[in-house]
Amino acid sequence: MQSIKSIYWQGMRAGAPFILILVPFSTLFGVIATEAGLNVTEALVMSALVVAGAAQFTAVQLMTEQVPVLIVLAAALTVNLRMAMYSAALTPYLGQLSLPKRALAAYFTVDQTYACSVAAYEAHPEWDLSRKLGYFLGVATPIMPCWLGFTVVGALLGGSIPDSMALDFAIPITFIAIVTPMLRTGAHRAAALAGIAASLCLTWLPYSLGVIFAGFIGMAVGAEIERRMVLRGTWT
Amino acid sequence: MIDKTTLWTVIAGIGIGSFALRFAFLGLVGDRPLPGWLLRHLRYTAVAVLPALIAPLVLWPPATGGEPDPPRLLAALVALGVGLLTRSVLGAILAGGITLYAGLTLFG
């Protein structure tokens with residue numbers, strides 16, 4: 001049986017490459033947050049409490065459009081619904097931990113810790129609970145300081161960036177870049193297309209409510225196509 | 001300008017809400033099985049919501065007063081194409097960014 005220490009290191013090695021993506025992403029958040037009027041502390045606290053870039057960008061974008069608080073919350077939390085899926089996927093492996101440890105794992109549940117850990121747990125069914133948690137925290141170790149640190153770097157840079165840099169378009173490009181590699185199946189592509197079509201048709205709704213409805217429509221389309229593909233035996 | 005009360009309400013609300021979403025199953029459900037239909041819907045959250053969020057920003061950017069803007073449209077298309085072909089997040093961001101600045105320089 002591998003030692004917990006060596007498994008923790010394996011986790012760190014699995015998490016390290018994500019630094020390449022997180023550095024520009026968190027820097028960009030810091031920059032956009034200061035452009036929207038947040039100071040360094042506010043940007044940092046937001047990154048530390050929310051720990052989810054897409055939801056943070058969504059919230060800042062909607063707040064600059066002066067959308068009511070409840071709608072901002074609903075939109076950002078809809079973006080973050082996938083965290084519930086990660087939580088569900090991790091439950092069979094980490095559900096037996098003590099309550100404080102489960103709370104700790106929940107705080108560190110992000111795209112990268114989820115993806116690496118579930119893959120590793122499937123490959124190593126012999127790992128006991130503390131080894132599983134060790135790996136999970138290993139993946140989180142390079143990611144979290146990087147996320148927080150570069151939010152601060154971006155927030156410090158923020159004010160010095162001129163309008164001609166067209167930073168307004170950094171969010172669309174970043175989201176396109178994040179989503180396209182996820183479009184692995186027909187169901188994923190259909191969900192994305194349905195989300196886009198519904199969102200464009202619903203722009204007349206006030207307060208960007210169309211985005212929330214469009215998101216749920218896209219999710220329903222993806223889930224339904226998956227269900228039909230499973231019935232036909234074409235789901236892999 | 002964002003009102004400070006609004007800002008802190010939003011930060012606290014999303015912070016608590018996001019933790020609740022992460023803790024929902026791991027913390028409260030423990031190791032009981034979950035209904036398949038729920039997981040099936042949650043699987044498509046990111047691919048449905050994120051494109052829905054940016055589609056209007058790509059076609060009608062607020063920075064140009066809602067007028068469709070060739071450099072921004074082109075940058076979005078290039079990021080999409082590179083993302084689909086290479087599956088590289090960083091590659092798609094770089095290609096989109098370079099296209100945007102090239103476009104703004106040429107058309108601007």
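The values are calculated or read from the model by the stated rules, or taken from the named source; none is laboratory data. These figures come from a predicted structure and were not determined experimentally. Heads up, the Cβs are rebuilt from the backbone with ideal geometry, glycines too, and the neighbour counts pull from every protein chain shown.
Please find, among A:ALA220, A:ALA177, the residue that is within 30 Å of B:TRP60 (Cα to Cα), modelled with pLDDT of 90 or more, of a type outside the set (S, T, N, Q) and outside the structural domain of A:GLU65 (by TED's automatic domain parsing).
Answer to the check: A:ALA220.
Do we find that B:GLY66 is out of contact with any Ser or Thr (no Cβ under 6 Å at 6 or more places or on another chain), surrounded by fewer than 23 Cβ atoms within 10 Å (Cβ to Cβ) and part of a loop (DSSP other than H, G, I, E, B) in this structure?
yes
Pick from the stretch A:187-226 the residues that are among the aromatic types (Phe, Trp, Tyr) and farther than 18 Å from B:HIS41 by Cα: which of them is farthest from the other protein chains (Cβ to nearest Cβ)?
My answer is A:TYR207.
Give just the number: which of (1) among the charged types (D, E, K, R); (2) within 7 Å of chain A (Cβ to nearest Cβ); (3) closer than 26 Å to A:THR203 by Cα does B:ASP69 not satisfy?
Exception for B:ASP69: condition (2).
Would you be able to tell me the number of residues in the stretch A:172-186 that are more than 7 Å from chain B (Cβ to nearest Cβ), in contact (Cβ under 8 Å) with a residue 40 or more places away in the chain and either buried (at least 22 other Cβ atoms within 10 Å of the Cβ) or not in a helix (DSSP H, G or I) (or both)?
Pass one, the stretch A:172-186, residues more than 7 Å from chain B (Cβ to nearest Cβ): A:184-186.
Subsequent filtering for residues that are in contact (Cβ under 8 Å) with a residue 40 or more places away in the chain retains A:185-186.
Those left that are additionally either buried (at least 22 other Cβ atoms within 10 Å of the Cβ) or not in a helix (DSSP H, G or I) (or both): A:185.
Qualifying residue count for the region: 1.
Using the structure shown, decide if A:ARG228 is farther than 25 Å from A:LEU20 by Cα, loosely packed, with under 15 Cβ neighbours inside 10 Å and of a type in the set (Lys, Arg).
yes
Need the failing condition index for A:ILE71 against (1) buried (at least 21 other Cβ atoms within 10 Å of the Cβ); (2) touching a Pro at 6+ places or on another chain (Cβ under 9 Å), just the number.
Result: A:ILE71 passes all but (1).
Considering only the stretch B:67-75, I want to know if a residue exists there that is within 30 Å of B:PHE107 (Cβ to Cβ) and either of a type in the set (Gly, Ala, Ser) or at pLDDT below 90 (or both). Please lay out each step first, then the result.
Step one: list which residues in the stretch B:67-75 are within 30 Å of B:PHE107 (Cβ to Cβ), which gives B:67-75.
From what's left, either of a type in the set (Gly, Ala, Ser) or at pLDDT below 90 (or both): B:75.
So far as the stretch B:67-75 goes, yes, one or more of its residues are within 30 Å of B:PHE107 (Cβ to Cβ) and either of a type in the set (Gly, Ala, Ser) or at pLDDT below 90 (or both).
Just checking: which of the helices (runs of 4 or more DSSP H) contained wholly in the stretch A:64-154 hold 3 or more residues that are facing another protein chain (nearest Cβ under 7 Å) and under 28 Å from A:GLU35 (Cβ atoms)?
Passing ranges, in order: A:69-79.
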